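Student: Please read through the structure below; I'll follow up with questions.
FYI, it's all coordinate maths here, none of it is from the lab. Just so it is clear, the model here is predicted, and its values are computed rather than measured. No Cβ is skipped: glycine too gets one built from the backbone with ideal geometry, and neighbour counts run over all protein chains shown.
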Amino acid sequence: MHKKVLKALLLGIFLATSFVSYASNDKDDDKEFNAKEMILHHVKDAHEFHFWDWKGKPVSIPLPIILWTDNGLTTFMSSEFHHDDAGKVVVGKNGENFVKFHEKIYQLNGDSATFDTELHTITNGTKPLNFSITRNVFMMWFSVLILLLIFIPAARSYKKSKDGVPTGIAGFVEPLVVFVRDEIGKPMIGEHKYKKYMPYLLTIFFFIWINNIFGLIPILNGANLSGNIAFTFTLAIFTFIITTFSGNKNYWKHIFWMPGVPVPMKIFLMPIEIIGMFVKPVSLMIRLFANITAGHVIILALMSLIFVFKSIYIAPVSIAFSLFITVIEIIVTAIQAYIFTILSALYFGMATEEEHH
């Protein structure tokens, strides 16, 4: 019991120091703490991994900036901006000047940036084509590497095993693969058609799950891939494409000319069904994005209470509630991967369902 309490306290202290360091990095001595600004800053993507400040100097890992401008390809490391995100530091490369403003790279028309009256946009700059390796992009490729390191040895283990009994990492992976097959693939798609969809279902299940887990690690400074709408949009588009191309005659007939209902009702239902085709991937996209982002926002908001009330006595309450939400988030990481996968399988099953007589 004492060990469990100690582990919980250590986890709470770890969360507190990590998230409070997020807030303290954004807090100036002559500037009132803005919880909204801090939260929005840390849930969006960035061009570097900024961990904390040590003796007035930031501790971070820079990432490559890759831009395509009128002068061609321009590359440099994000460290050349010296952690500036306010458009003050100008980087001159390839005959062009660049600044970073709210994690967006601008190509300037002059030697310094000028802003609108509300300091929301840069008025003398344009956004070049940006192919930079951002924090989320880096974590995406890192998660792919982790999945390869898990599943390639697992596959080799099955190949070497004479009796088919999994050993090593395969023993951990097999129950999860069987779960996706027996609880998602077969019931949603059917016994005879589920196999060709299993590679995709397994990929998105493990890909979403492992990236959700990475998003919970405070030291990664909010590298939250599933909380990026572009990422969830791409996954939803893949599901939409597979569903569309898997649709059989019965599927399209139910969309464009619903059988078994009067003609006036067929005409009324057709636009609703067409809209429904596009609503399904949109719901997939928003559900994953919103649920993952909400958890991070809540945790950061609870930690912000320490600065809002300007009292250390609120810290135990913030830490306790943040720890509770974090435990829930650990469960949500798997639940959201499961929901996205099972809904994708459901759409595939609807597209391939045969007509019942």
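Student: At 222 nm, what helix-only mean residue ellipticity would the chain give, in deg cm²/dmol to the nearest 500, using -39500 (n - 2.57) for each DSSP H run of four or more?
Tutor: -19500 deg cm²/dmol
Student: Sorting 41, 192, 50, 102 on the 10 Å Cβ count, fewest up front, what's the list?
Tutor: 192, 102, 41, 50
Student: Mind pulling the angle between the C-alpha long axis of helix 263-309 and the longest principal axis of the chain? Nearest 10 degrees, somewhere in 0 to 90.
Tutor: Relative to the chain, helix 263-309 is tipped by roughly 30 degrees.
Student: Using a 10 Å cut-off on Cβ atoms, rank the peptides 342-350, 193-201, 287-295 from the highest mean neighbour count down.
Tutor: With the highest mean Cβ count within 10 Å placed first, the list reads 342-350, 287-295, 193-201.
Student: Further question: Given the pairs 44/100; 36/310; 160/196; 104/127; 162/193; 193/249, which span a C-alpha to C-alpha distance of over 18 angstrom in this model?
Tutor: With Cα atoms farther than 18 Å apart: 160/196; 162/193.
Student: Further question on the same structure: So, by mean Cβ neighbours within 10 angstrom, what's the order for 240-251, 256-267 with the highest one leading?
Tutor: With the highest mean Cβ count within 10 Å placed first, the list reads 240-251, 256-267.
Student: Then there is this: Using only Cα atoms, locate the centre of the stretch 168-224 and the centre of the stretch 313-351, then give the distance between them in Å, rounded to an integer.
Tutor: Taking the Cα centre of each part, the stretch 168-224 and the stretch 313-351 sit 15 Å apart.
Student: OK, next. Can you pull a Stokes-Einstein diffusion coefficient for the stretch 137-352 at 25 °C (0.890 mPa s), Rh from Kirkwood over Cα pairs, as a whole number of µm²/s?
Tutor: 124
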